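Engineer: Can you keep this structure in mind? I'll have questions shortly.
Read the figures in this text as sums done on the coordinates, not as results from a lab. Quick caveat, the model's predicted, so the values are computed rather than measured. Cβ placement follows ideal geometry from the backbone for every residue including glycine, while neighbour counts extend to all protein chains displayed.
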Amino acid sequence: MPADPISECPPPRLILVVEDDGDLRELLVRLLRPHAGDVLGVGSGAEALRAYAVHAPDLVILDLGLPDGDGSTLLQRFRSISGAPVIVLSGRDAEADRVAVLDAGADDFVGKPCGSAELVARVRGHLRRAWQSRQRMAGNGYLRAGALEIDLESRKVRRGDLEHRLTPTEWALLRALALHPGEALTAQRLWELVWAREYGDPSLHVRVHVTHLRRKLEADPDRPSLIVTVPGAGYRLTTDSTPG
Ligand code: CA
């Protein structure tokens, strides 16, 4: 991944581009690729919603006119899942349109056509502010993992406006993973940290509880993106400050 000399924040893991005009979508993907680990382009609202839930992008570029609905409805759905910055890119740039989109929760509005340098600058600005806000949260005992916000002090886990209710064991497991961000912990280590056991076979026990936690927290529990299995090494929580 090329270095990003201007901004001090690490390159984001994933940018999602939602645009039904294939040529423009390709152009945007190519334009943003040097500034992110990956850039995913989709052409419809349905694909966008799926990609948003499964991949928890760090930033979204959203076209308003989509073949299967209006981008502003999509924007509200995004907002109920996470706070990742959304930049609306639209040809409808009357003041009333801009205000409606910003009221619906967009972080920025860019009229079409838009200069590439300006768009990249805005993308970087939003990513930097989001990153700084995550750093402040981490300093206050908050941690972000994809679409999840974990508050280590008050033992709360939120996805957008939704608060997840965890059992004490599930919470202890999530906390153990969250306190070792980006690090894979073996079943044996989790067994010691969560259950304070030193002997016995932990693998089945830990696997069952990891499965419970994934059912509650993952957008797609069969293809986990938050609590990932690292073959031969154990389980790792993918947090935003330590991209997986
Ligand atoms: Ca369009």
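Engineer: Gaussian network model of the chain, Cα springs within a sub-10 Å range: biggest mean-square fluctuation belongs to which of G41, G234, G83?
Structural biologist: G234
Engineer: Between A121 and E95, what FRET efficiency comes out of the Förster formula 1/(1 + (r/R0)^6) with R0 = 30 Å and r the beta carbon distance, rounded to 0.05?
Structural biologist: According to the calculation, E is roughly 0.85.
Engineer: Turning to a different aspect of this structure: Going by average Cβ density within 10 Å per residue, which order do the peptides 171-179, 64-72 take, highest to lowest? Write out the running numbers ahead of the final one.
Structural biologist: On the way: 171-179: 20.3, 64-72: 16.1.
Peptide ranking by packing, descending: 171-179, 64-72.
Engineer: If I take R0 = 30 Å and measure r between the Cβ atoms of K216 and N140 in this structure, what FRET efficiency does the formula 1/(1 + (r/R0)^6) give, to the nearest 0.05? Before the final figure, lay out the partial values.
Structural biologist: On the way: r = 24 Å, r/R0 = 0.79.
E(calc), rounded to 0.05, equals 0.80.
Engineer: Considering only DSSP beta bridges whose two residues both sit in the chain, what percent are antiparallel, to the nearest 5?
Structural biologist: Values: 19 of 36 bridges.
In the chain, approximately 55 percent of DSSP beta bridges are antiparallel ones.
Engineer: Tell me, what ³J(HN,Hα) does each residue in the stretch 56-66 have, in order and in whole Hz, if you take phi through Karplus 6.51 cos²θ - 1.76 cosθ + 1.60 with θ = phi - 60° and put x for Gly and Pro?
Structural biologist: So the Karplus estimates, Gly and Pro as x, are 6, x, 7, 7, 10, 9, 10, 7, 7, x, 10 Hz.
Engineer: Angle between the Cα long axis of helix 203-217 and the longest principal axis of the chain, 0 to 90 degrees, nearest 10?
Structural biologist: Tilt relative to the chain: about 30 degrees.
Engineer: What's the magnitude of the charge dipole for the stretch 141-237 around its Cα centre, counting Lys and Arg as +1 and Asp and Glu as -1 at the beta-carbon? Answer in Debye, nearest 20.
Structural biologist: 120 debye
Engineer: When a/c reaches 1.5 or more, the comparison of a/b and b/c decides; with that in mind, is the stretch 13-86 rounded, prolate or oblate per its Cα gyration tensor?
Structural biologist: The shape class here is oblate.
Engineer: On a 0 to 90 degree scale, rounded to 10, what angle separates helix 45-55 from the longest Cα axis of the chain?
Structural biologist: That helix lies at roughly 30 degrees to the long axis.
Engineer: Can you give the percent of C-alpha pairs in the stretch 138-244 whose distance is more than 23 Å? Walk me through the numbers on the way to the answer.
Structural biologist: Working: 1083 of 5671 pairs.
That fraction is 19 percent.
Engineer: For the chain, what is the charge dipole size about the Cα centre, in debye to the nearest 20, if Lys and Arg each add +1 at the Cβ and Asp and Glu each add -1 at the Cβ? Each step should come with its number before you reach the end.
Structural biologist: Working: 31 positive and 34 negative charges, 175 e Å.
Dipole about the Cα centre, nearest 20: 840 debye.
Engineer: May I ask which residue of A145, P202, Q132 lies farthest towards the positive end of the charge dipole of the stretch 97-244, with charges of +1 (Lys, Arg) and -1 (Asp, Glu) on Cβ and the Cα centre as origin?
Structural biologist: It is Q132.
Engineer: Shifting gears a bit: Relative contact order (percent) for the chain, with alpha-carbon contacts under 8 angstrom and 6 or more residues of separation? Present the calculation step by step, with values, prior to reporting the outcome.
Structural biologist: On the way: 395 pairs, mean separation 37.7, N = 244.
Relative contact order of the chain: 15 percent.
Engineer: Classify the stretch 15-137 as rounded, prolate or oblate from the Cα gyration tensor: take a ≥ b ≥ c as the square roots of its eigenvalues, call it rounded if a/c is under 1.5, otherwise prolate when a/b beats b/c and oblate if not. Working shown, then result.
Structural biologist: On the way: a/c = 1.19, a/b = 1.13, b/c = 1.05.
Verdict is rounded for the stretch 15-137.
Engineer: Please report the spacing between the Cα centers of the stretch 155-199 and the stretch 54-103 in Å, no decimals.
Structural biologist: That distance is 33 Å.
Engineer: OK, next. Taking the chain as the reference, fit the longest principal axis to its C-alpha atoms, fit the long axis of helix 168-178 to the helix C-alpha atoms, and give the angle between the two in degrees, 0 to 90, nearest 10.
Structural biologist: Once rounded, the angle reads 60 degrees.
Engineer: Is the shape of the chain rounded, prolate or oblate, going by the alpha carbon gyration tensor and its root eigenvalues a ≥ b ≥ c, with a/c under 1.5 for rounded and a/b larger than b/c for prolate?
Structural biologist: Details: a/c = 2.22, a/b = 2.02, b/c = 1.10.
In terms of gyration-tensor shape, prolate.
Engineer: Related question: Non-local amide H neighbours of L66 (under 5 Å, H modeled in plane, Pro and chain starts lacking H): which ones?
Structural biologist: HN-HN under 5 Å from L66: G71.
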